[in-house]
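What follows is a single structure, written as structure tokens, with notes after it.
Values quoted throughout were computed directly from the atomic coordinates according to the rules given, and no laboratory measurement underlies them. Source: prediction; values computed, not measured. No Cβ is skipped: glycine too gets one built from the backbone with ideal geometry, and neighbour counts run over all protein chains shown.
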Amino acid sequence: MTITAPEKSPGWIPGPNSQALHNEEQLYMTPGLQQIATFSKIAMKQGRGAVVVDEDGREYLDFIAGVCVASIGHGHPLYAKMIAEQAANISVGSFTTKNRVEFLRRLITKTPQGLDRTQLYSSGAEAVEAALRLAKSYTGHQEVIAFWGGFHGKTGGVLPLLGDSFKHGLGPLMPGIYQSPYPNPYRCPFRTDDPQKSAEIAIDFLKETIRRATAGSLAAIILEPIQGTNGNVIPPAGFIEAVRDVAHAHGALFIADEMITGFGRTGAWFGVDHEGVAPDIMTVGKGIAGGFPVSGIITTKEISDAKPFANPSGSSSSYGGNPLASAACNAALKIVDEENLVENSRTLGAKMLERLKTMKERFPFIGDVRGRGLLIGVEMVKNRASKELLSKEQCRMVFEEALTRGLLTMAYSPVIRINPPLVITEQEAMKGLDLLEETFEAVRPRLGL
């Protein structure tokens, strides 16, 4: 699909149809939607591949993919066909279906060695809560450790895992959950410029947290192989393996939260694959079903047999793995696998990263560029020495300028998380980076940097 950008203007103005629908929706919806929706005021109508179209006919190149959800892009014909066929037959119930069996059979050929048991849910937080229940069932312990900057959902059971201020005002939090620093190479919490030194200190800190803060009943340590919400932050090499070893040394399980990093997003099937680490439990979601609300846990038979998790109805969910959800999972995994999208993520992501690093040399407000596959972070700062982030107002300026050029980005945040659909072509990806570079050039005088 050829991108027809909206007419350029000094500021972003949504089309009249989008504006009318957005304004009416405000009469019915609660506040708290994602900023990309509230800032853009766009009403979407359709999409194909990596391009979406609003109700006014304006086309946008999608560098967001619903925050890593639309891995197979928009309007994929096979996806639409398989879901429609299932919906025309049966859509609910926990009974076995052919789609679910086919999906699970293919899935275990992609997971780290030994992880061959799956349970399906309908939201990321639900899957993370299930993983915690399973870890407690298997170990007989009760406590959990997460990391600064981590994000694992918004429900009461996982809110204490969040390593930032999002949870402020929502206490009291569930007890028995602790936080430890994450070795962000660009913003090291220990004030060192050596990533490996940062990782070593973080592991020492983790051990001390267990010794000094817990009650000695550690059930699990959970982390994201790449921290998504925190800005697509990649930890130093060896850190993930070291965390797993610490967990096992204390009789705990290692949980890898692969909601964002799973199913080819990083140029490997799962984020942990880059480190050659097999977790005890993986939580998955987002790209697993191409946009249908599905999440899950993947683990070993031994662990999954633990009770009370394994008791009748102990691990199940009302909507988890229903016939319609399973059709979506089966279609999405089939597309990612047979269209070689993991390799596309790896090769195209590397090219995009190289191009963005070139932009960093040109624009002084780009402080850091990092990424793996089609999971890329561009950190915008006022000053490279101080690393002070751009203000919300400055970021909004970048976001709206990109919109006027027909590019959907997460530039409303000082860390632009670039995660387009895995079906994006090289031509589309480079066009999107052209538009981003034009955006940076246009806003540079207004940023005053």
For the chain, what is the percent of antiparallel DSSP beta bridges, rounded to the nearest 5?
65
For Gln34 and Glu343, extending 7 Å from Cα along the Cα-Cβ vector and measuring point to point gives, in nm, a value of 3.0
Can you give the local net charge around Leu390? Use residues other than it whose beta-carbon is closer than 10 angstrom to its beta-carbon, Lys and Arg +1, Asp and Glu -1.
0
Protection-proxy order for peptides 165-177, 229-241, each taking the mean of Cβ atoms within 10 Å per residue, highest first
229-241, 165-177
Report the Cα centroid-to-centroid distance between segment 334-376 and segment 96-145 in angstrom, as an integer.
29
Computed FRET value (nearest 0.05) for Lys307 with Asp194, which takes r as the C-beta separation and R₀ as 45 Å:
0.50
May I ask for the net charge around Arg362, where only other residues with Cβ less than 10 Å from the Cβ of Arg362 are counted and Lys, Arg are +1 while Asp, Glu are -1?
-1
Would you kindly calculate the mean projected area, averaged across all directions, of the convex hull enclosing the Cα atoms of segment 214-332, in square nanometres?
8.8
Students often forget the sequence filter, so: which aspartates and glutamates lie under 17 Å Cα-Cα from Lys197 once same-chain residues fewer than 8 apart are removed?
Glu208, Glu241
Hey, of (1) 27.4; (2) 22.6; (3) 25.8, which did the structure itself give for Kirkwood radius over Cα pairs in Å when calculated?
(2)
Using the per-residue mean of other Cβ atoms lying within 10 Å as a proxy for protection, in what order, highest first, do the peptides 389-402, 135-148, 93-106 fall?
135-148, 389-402, 93-106
Ratio of Rg to Rh over segment 4-105 (Cα coordinates, Kirkwood Rh, two decimals)
1.07
Count charges around Gly176 for me, please; just the other residues with Cβ under 12 Å from its Cβ, Lys/Arg as +1, Asp/Glu as -1.
0
How big is the convex hull of the Cα atoms of segment 43-152, per residue, in Å³?
182
Is there a pair in Lys167/Lys207; Lys351/Lys387; Lys81/Lys307; Lys154/Lys382; Lys286/Lys351 whose C-alpha atoms are over 28 Å apart, and which pairs would that be?
Lys81/Lys307; Lys154/Lys382
Cα-derived Rg over Rh, computed across segment 76-123 with Rh taken as Kirkwood radius
1.01
Could you check the spin-label model distance between Arg355 and Asn23? Points 7 Å from the Cα along Cα→Cβ, value in nm.
3.8
Please give the length that would be gained between Arg211 and Val67 if that part of the chain were fully extended, namely 0.36 nm times their separation in residues minus their C-alpha to C-alpha distance (nm, one decimal).
48.2 nm
Roughly what percent of Cα-Cα pairs across segment 77-338 reach past 26 Å?
39
Please name whichever of Asn344, Thr358, Leu223 sits farthest to the positive end of the charge dipole of the chain, dipole taken about the Cα centre and charges placed at Cβ: Lys and Arg +1, Asp and Glu -1.
Leu223
